[in-house]
Amino acid sequence: MPPQPLSRVLVLEAAIRVADGGGVEAITMRRVAQELGVEAMSLYHHVPNKEAILDGVVDMVFAAIELPGAEGDDWRDAIRTRAVSARAVLSRHSWALGLMDSRRDPGPATLRHHDAVLGVLREAGFTLPMAAHAVSLIDSYVYGFVLQEANVPMATRDDVEEVAGGILQQLPEKELPYLTEMIRDHALRPGYDYTSEFGYGLDLILDALEARRSAPRSGEFG
């Protein structure tokens, strides 16, 4: 079978693989070309420069995130679906966290994504300022959780027992009673799963936004 002709999509997919393996700083025209098995100059027929690649990979990441539900769905269910999907996608491509909202030339998938999220909130009765607050709050939570999750050295139950158990052995219980209690009676209990904290925190945010949405409006930013 002859090799697939080079295209912009193939270049961007290769750039994502490069970033998945070495972070966003690994994305260079030369490295992406190596990933594709071609000369770097051949990329310029499809992308003008590295900045265009960065714009493109961000748009592909946004395209992979599930859009909020259809009109008529409960806004919390719709936004929860989108947040859960965003967490899953960004967990696979955590290098994208620093790029998601930094590009000056957002692509069509990025713009469509933001419009869909704002549409759910506005159709649910959020004022324009409150919709802006909600997007900022939810995205900060999702991005922050993904970043923290990527750096916590406890991906499995065995990791938890090894890391938390090791810390517990060194803790002076009388000097640090509350931390000792948290590790011994919570983190090391059967069934504990740090990843479940995401849903708990997200529901708290959505409940608080619902309470604010339903409250009497008092001022432009309320």
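The values are calculated or read from the model by the stated rules, or taken from the named source; none is laboratory data. Remember, it's a predicted structure, so these values are computed and weren't measured experimentally. Because the Cβ atoms are built from the backbone with ideal geometry, glycine has one as well, and the counts that use them run over all protein chains shown. Accessible surface areas use protein heavy atoms only, side chains included; no ligands, DNA or RNA. Shrake-Rupley method; radii C 1.70, N 1.55, O 1.52, S 1.80 Å.
Things to note:
- Filter result (farther than 13 Å from residue 37 by Cβ and either modelled with pLDDT under 95 or among the basic types (Lys, Arg) (or both)) within region 8-20: 8
- So residue 139, is it at pLDDT below 85 and under 30 Å from residue 95 (Cβ atoms): no
- Every condition in (1) open to solvent by 70 Å² or more (accessible area, probe 1.4 Å); (2) under 17 Å from the mean Cα position of the chain (by Cα) holds for residue 91 except the one numbered (1).
- Within region 201-216, considering residues that are assigned to a helix (DSSP H, G or I) and either in contact with an Asp or Glu (Cβ under 6 Å, 6 or more places away or on another chain) or open to solvent by 50 Å² or more (accessible area, probe 1.4 Å) (or both), the one farthest from residue 147 (Cα to Cα): 214
- Some residue of region 79-94 being polar (S, T, N, Q) and either touching a strand residue (DSSP E or B) at 6+ places or on another chain (Cβ under 6 Å) or touching a residue at least 24 places away in the same chain (Cβ under 8 Å) (or both): yes
- Hey, residue 13 of a type outside the set (Val, Ile, Thr) and surrounded by fewer than 16 Cβ atoms within 10 Å (Cβ to Cβ) or not: no
- Qualifying residue in region 24-39 (condition: within 22 Å of the chain's Cα centre (by Cα) and closer than 26 Å to residue 84 by Cβ): yes
- Of all positions in region 95-113, none carries a residue that is out of contact with any helix residue (DSSP H, G or I) (no Cβ under 6 Å at 6 or more places or on another chain), of a type in the set (Asp, Glu) and over 24 Å from residue 145 (Cα atoms).
- Checked across region 25-48, the condition of being within 30 Å of residue 196 (Cβ to Cβ), out of contact with any Phe, Trp or Tyr (no Cβ under 8 Å at 6 or more places or on another chain) and open to solvent by 50 Å² or more (accessible area, probe 1.4 Å) holds for no residue.
- Contact annotation: residue pairs with Cβ atoms under 6 Å, 6 or more positions apart or on different chains, pairing a residue in region 105-124 that is closer than 16 Å to residue 206 by Cβ with a partner that is among the aromatic types (Phe, Trp, Tyr) and open to solvent by less than 100 Å² (accessible area, probe 1.4 Å), are 120/75; 124/75.
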